[in-house]
Each structure stands twice: as structure tokens, then as C-alpha cells.
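*Asks:* Structure incoming, see below.
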Amino acid sequence: MARLPVEFFDPTAKQQLLDLPSKELKRRALELLAQISKENPKLGKPCGFAFSTGNLSDCRKLYFDEQRDMDPRYRIVYRLVPDEDSPTKAEVIRIGLKVPYGDEEQIYRQVGRALERLLGRD
């Protein structure tokens, strides 16, 4: 399989990677992005649909932390473009803390707005 380019959806997403609080978190996030690029574009779990946020079924999420054997506190949200069957690139939409249940809606709204911008519906 050829390498799949991994790009950041916008400067905010790239800054979120740079703002991770430790070198180990940054290294782990970059390892996962490298796996998406080199080995398995569909590594993450599908995000799906929620009435509060809309259809994010074209997005995937990966969880990570400083150590692989701990409950992950961070998440990468990305999508395969133009689609999952024949992607030409992976776009990172968000990298940051995984939030407690109930607060997740805020993040999905943010991602939903980002996807709306991409689709020209802002």
C-alpha cells in the first residue's frame, strides 16, 4: 500500500497537536498518524451520527495517551478524503482531550461546523 498523505484540516488542528502537554503525547499522536499513513487508513473507529451534532459518519476517532496501557485521555478525529473506499489523503480535524460523557456534544458541534465549512455551508 502506498503512503497516504496526512494533512491538517486547518491551522487549529495542527496547533492542537503542538499544544499537547508533553513530548510523549505528541510522539504517540504522531505514531498514530504514521500508522494511518503507512498501514491502515481505517485504524480509527467510525464517529457515526448523533441528532445533536449531525452526520459525522465520514469521520473516524482514535484514542491515545502517554502510555499504551492506560485509559486514554486524548482523541484524534480525522476523515478520509474523498471517501473511505478510495482515499487520497487523511485530514486531521481535531486532536485533544477526550471529554467526559455529556460534554462530548460540544466537540462534535465543533467538528460539525468544521465539516460544514469544508462543504461550503458556512
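*Asks:* Quick one, can you get me the convex hull of the C-alpha atoms of the range 11-100 expressed as volume per residue in Å³?
*Replies:* About 108 Å³ per residue, rounded to a whole number.
*Asks:* Right, here's the next one. What distance in nm separates the two pseudo spin-label positions at Leu97 and Glu24, each 7 Å out from Cα along the beta-carbon direction?
*Replies:* Placing both labels 7 Å beyond Cα along the Cβ direction yields 1.8 nm.
*Asks:* A further question on this structure: Could you check the spin-label model distance between Lys42 and Ser86? Points 7 Å from the Cα along Cα→Cβ, value in nm.
*Replies:* Here the answer is 1.6 nm between the modelled labels.
*Asks:* Run the paramagnetic zone check for Thr12: 7 angstrom along Cα to Cβ, then residues of the range 77-94 with backbone nitrogen under 12 Å.
*Replies:* 93-94
Each reported figure results from applying straightforward, stated rules to the coordinates on display, with no laboratory input. Computed from a predicted structure; not experimentally measured. Cβ: placed from backbone, ideal geometry, glycine included. Neighbour counts: every protein chain shown.
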